[in-house]
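First the structure, in the form of structure tokens, and then the observations on it.
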Amino acid sequence: MRFDVLTIFPEMFEAITQYGVTSRAFSKEILHLKTWNPRDFTSDPRKTVDDRAYGGGPGMVMMVGPLEDALQAVQEDIASSSAMKKGPTVLMSPQGRVFNQDLAKEMSQLEQITFVCGRYEAVDQRFIERHVDFELSIGDYVVSGGELPALVVMDSLIRLMPNVLGDANSAQQDSFSDGLLDCPHYTRPENYKNFLVPGVLLGGHHGRIESWRRNESLIATQKSRPDLILAARKKGLLSLKDEKVLQEYLETLASGLNK
Ligand code: SAH
């Protein structure tokens, strides 16, 4: 897989290429990342990539020219250096589709993705209309640039790549992979200041542990993300046993409230 990134802050991408499990994908060369700075595609001495907005108002707008030329260079580089076909151009933007684990799975199948990181108030709409295949948001809030959002998306795609996480099953056990949140986890010591690890996890009985984890996942999801329970139910991901666990949980909750 290959990521190309249009950004005026290329150093920020060291956060995934140099640290933690994501860096493994790069050292094993199963993933390549190349940054392209729009400032290198300007012709004025100040390397200007932004200008005031037509119509007035606060904030600057990223100019279409340097972005378009940088994207052209990506296209040429891919065409000349590999048999790979250029994949989608994705603009990080609060106006985009909200990213989630289903989208991560879909995007992790792609061979190449070009991420465009906005800065300032906006990106000139003509660049978006001419070149962007889709816009992607990391949630309903605004950060100062597209770099952190692009890093978030890339990191979640990298976790899904084979041979990146130590244990091949880790990603499958993550929150959202089966439509539910993850269950609680514990490590040594068994007794920490009289706070004990749940006994079932110490018993070594595989079936009981699995069932405990599933139940805890269901309850955690019902507690903080009931919308995910509704979605999982709609998709047919909940068994009769799951439904019973949820019902019992809701009943204990109701009886607690009635007391
Ligand atoms: N004026 C814009 C925000 C600009 S923030 C608005 O109100 O929508 C500057 C850049 O940060 C954006 O161009 C985008 O690339 C990035 N960005 C900010 N919030 C984001 C989010 N939630 N998801 C993805 N990218 C975001």
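Here are some notes:
- Stretch gain in nm, segment V200-E251, where the contour uses 0.36 nm per residue and the Cα spacing is subtracted: 16.0 nm
- If R0 equals 51 Å, the separation of the Cβ atoms of R130 and N163 corresponds to a calculated FRET efficiency of about 0.85.
- In range of the label at R24: residues from the stretch 162-200 whose backbone nitrogen is under 16 Å from the point 7 Å along Cα→Cβ: 162-174
- Sequence-distant contacts, meaning Cα pairs under 8 Å at least 6 residues apart, place the relative contact order of the chain at 17 percent.
- Cα gyration tensor category, rounded, prolate or oblate, for the stretch 71-115 with a/c compared to 1.5: oblate
- When each of the peptides 11-18, 217-224 is scored by the mean number of other C-beta atoms lying within 10 Å of its residues, the order from highest to lowest reads 217-224, 11-18.
- Amide H partners (placed H, <5 Å) of L33, local residues excluded: F3
- The rule of thumb for compact globular proteins, 2.2 N^0.38 Å, goes into the C-alpha radius of gyration of the chain 1.27 times.
- Projecting label points 7 angstrom from Cα along Cα→Cβ for E76 and D182 puts them 4.4 nm apart.
- The stretch 191-258 shape via C-alpha gyration tensor axes, a/c threshold 1.5: oblate
All of the numbers you see were taken from the coordinates with simple rules; none came from a lab. These numbers were taken from a predicted model, which means no experiment stands behind them. All Cβ positions, glycine included, derive from the backbone under ideal geometry; neighbour counts span all protein chains shown.
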